[in-house]
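I have placed the structure first, in the form of structure tokens, so that the comments after it can refer back to it.
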Ligand code: DGL
């Protein structure tokens, strides 16, 4: 049995890559709904319908454990799917928001002012606000929707001036909401692909003495989800030996896309730094 990993497009590959580093022995089936990405600007009903189609497809391929490696789908569709559409004895579907919030509230020392950068769908769902409030009611949390980031990433425009323009625009808007932000969550699985650029822009805003986001006493933490989700999945499998026992161990990954396979292969290979083979499928 393979572990299914789903995203609206390429973003989930950032999660898959981290999962395969932590859990290299298992087999994976990645599905990117690139033909219908971005999800972030779509309605609740549409995101739910598309996500359920993807879950059903991966289930039909034999996946009994599926990671929704997409914040927008986790925010808008996961709970309904878990509560209404699946039988947990036959299928487990996990998301990315809860593990991220748990890691941030337990590991990020001295964080009091948190900034969320996410798709309009994730922001309007309020999922991060609700989950963070549950774990730590004393946090100040501000959100900024970044509607142009995923379309630019999906269209290979990461190195374009437009990308730089929209990074500056959304980061600046976030700090207008709260100039004291000390922790930023990249709450979309596409955003690690532009993390270097966001980091460079943040560094350019800081005084030179502070301009090292990675150092231990850094004034600002920039958090992406890959390692967090990977470690959370490892812990989950440790707790659920009945699922872990059923996973196949070939260390392989197959890729599915709803868009033209060549296009997905070219973009994914660039990002994964190795050639991949993808098959085009239709979700209905
Ligand atoms: N990468 C996804 C997320 O984490 C979805 C982006 C989109 O399709 O808008 O939100």
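Name the residue, out of 141, 101, that is touching a strand residue (DSSP E or B) at 6+ places or on another chain (Cβ under 9 Å) and away from the ligand (no atom under 16 Å from the Cβ). Let's see the steps before the verdict.
Values: 101 fails: away from the ligand (no atom under 16 Å from the Cβ).
Result: 141 is the single residue among 141, 101 that is touching a strand residue (DSSP E or B) at 6+ places or on another chain (Cβ under 9 Å) and away from the ligand (no atom under 16 Å from the Cβ).
Scan the stretch 153-172 residue by residue and report those that are in a helix (DSSP H, G or I) and at pLDDT below 95. Break it down into steps so the answer makes sense when it comes.
From the stretch 153-172, those in a helix (DSSP H, G or I) are 153-154, 161-172; that's our starting set.
Once the filter is applied, which keeps residues that are in a helix (DSSP H, G or I) and at pLDDT below 95, the stretch 153-172 yields 153, 154.
Would you mind stating whether residue 105 is surrounded by fewer than 23 Cβ atoms within 10 Å (Cβ to Cβ) and in contact (Cβ under 8 Å) with a residue 24 or more places away in the chain? Walk me through it before giving the result.
On the way: surrounded by fewer than 23 Cβ atoms within 10 Å (Cβ to Cβ): yes; in contact (Cβ under 8 Å) with a residue 24 or more places away in the chain: yes.
Considered against the rule, which asks whether it is surrounded by fewer than 23 Cβ atoms within 10 Å (Cβ to Cβ) and in contact (Cβ under 8 Å) with a residue 24 or more places away in the chain, residue 105 comes out as yes.
The set of residues in the stretch 173-188 being assigned to a helix (DSSP H, G or I) and loosely packed, with under 15 Cβ neighbours inside 10 Å consists of 173, 176, 177.
Considering only residues that are touching a residue at least 24 places away in the same chain (Cβ under 8 Å), within 16 Å of the ligand (Cβ to nearest atom) and over 26 Å from residue 102 (Cα atoms), look in the stretch 144-166 and name the one that is surrounded by the fewest Cβ atoms within 10 Å (Cβ to Cβ).
Here is the first cut: in the stretch 144-166, the ones touching a residue at least 24 places away in the same chain (Cβ under 8 Å) are 144-147, 149-151, 153-154, 156, 158, 163-164.
Okay, now just the ones that are also within 16 Å of the ligand (Cβ to nearest atom), so 144-147, 149-151, 153-154, 156, 158, 163.
Those still in the list that are over 26 Å from residue 102 (Cα atoms) too: 151, 153-154, 156, 158, 163.
On the way: 151: 17, 153: 24, 154: 20, 156: 14, 158: 17, 163: 17.
The qualifying residue surrounded by the fewest Cβ atoms within 10 Å (Cβ to Cβ) is 156.
The values are calculated or read from the model by the stated rules, or taken from the named source; none is laboratory data. Computed from a prediction, not measured in an experiment: that's the story for all the values here. Every residue, glycine among them, receives a Cβ derived from its backbone with ideal geometry; neighbour counts consider all protein chains shown.
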